[in-house]
1. Taking the stretch 17-38 as the region of interest, how many residues are over 28 Å from residue 127 (Cβ atoms) and either buried (at least 16 other Cβ atoms within 10 Å of the Cβ) or at pLDDT 95 or above (or both)?
2. Keeping to the stretch 68-84, report how many residues are outside any loop (DSSP other than H, G, I, E, B), surrounded by fewer than 21 Cβ atoms within 10 Å (Cβ to Cβ) and not hydrophobic (A, V, I, L, M, F, W, C).
3. Give the residues of the stretch 1-32 that are in contact (Cβ under 8 Å) with a residue 40 or more places away in the chain, closer than 19 Å to residue 72 by Cβ and touching a helix residue (DSSP H, G or I) at 6+ places or on another chain (Cβ under 8 Å), sorted by residue number.
4. Looking only at the stretch 85-126, which residues are of a type outside the set (A, V, I, L, M, F, W, C), surrounded by 15 or more Cβ atoms within 10 Å (Cβ to Cβ) and not in a loop (DSSP other than H, G, I, E, B)?
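The values are calculated or read from the model by the stated rules, or taken from the named source; none is laboratory data. None of the values given here were measured: they were computed from a predicted structure. For neighbour counting, all protein chains shown are included, and Cβ atoms are generated from backbone atoms with ideal geometry for every residue, glycine included.
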Amino acid sequence: MGTTTFNGLILETAPGEVMTPRATSERLVAAACARIVGPARIADVGTGSGALAIAIAHCSPDAEVWATDIDEGAVALARANVVRLGLADRIFVRLGDLIEPVPAPIDVIVANLPYLAASDAADYPDLGAEPFDAIFSGGDGLDPYRRLLTAASTKLAPDGTLLLQLHGEVVGANRPQLPALSASLRARAQASARLAA
């Protein structure tokens with residue numbers, strides 16, 4: 001166990017077992033908080049240590065935040081961080097796939113899921129100490145985001161927003177824009193494949 005500072009908050013970490021939050025993800029927090037006005041339901045998908053969920057709840061006191069992960073160790077760590085920071089009345093950490101455990105409608109979905117191709121892992125030696133499945137995925141690496149886009153099309157509120165972290169940048173779409181974002185992910189994958197060929 002260790003600790004790190006994220007968005008001004010001290011969080012417990014589990015190096016090598018759960019992805020340690022990085023400062024680049026603070027942009028995702030800022031983008032989400034800019035879209036939250038008053039009471040809202042937020043989903044943090046692939047929560048890991050709970051960093052995004054906790055930071056969003058901290059800056060949006062009227063928000064109800066649901067944090068999900070498929071890794072039991074991540075869920076346990078996120079729950080411990082939520083309790084330690086006194087946010088258990090507004091953050092609900094659930095073991096489950098993507099937004100499946102989150103009740104609809106969801107006003108804002110944030111996600112920092114694996115998006116790098118597993119076949120490219122050797123190109124990222126600086127990430128070697130992190131859990132492989134938290135960063136890398138099969139094929140072109142973007143399948144977790146494609147699956148999330150499909151799920152979001154049924155659970156996102158009509159005026160809701162989906163925010164993704166992709167190569168250090170925040171990519172967003174409202175519900176009507178989800179098909180265009182899906183097409184953009186396809187184009188990114190095709191461009192990467194051409195560069196690799």
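1. 3
2. Here is the first cut: in the stretch 68-84, the residues outside any loop (DSSP other than H, G, I, E, B) are 68-69, 72-84.
With surrounded by fewer than 21 Cβ atoms within 10 Å (Cβ to Cβ) added as a condition, the list becomes 72-73, 76, 79-80, 83-84.
Cutting the leftovers down to not hydrophobic (A, V, I, L, M, F, W, C) gives us 72-73, 79, 84.
The total comes to 4.
3. 11, 12, 13, 14, 17, 18, 19
4. 94, 107
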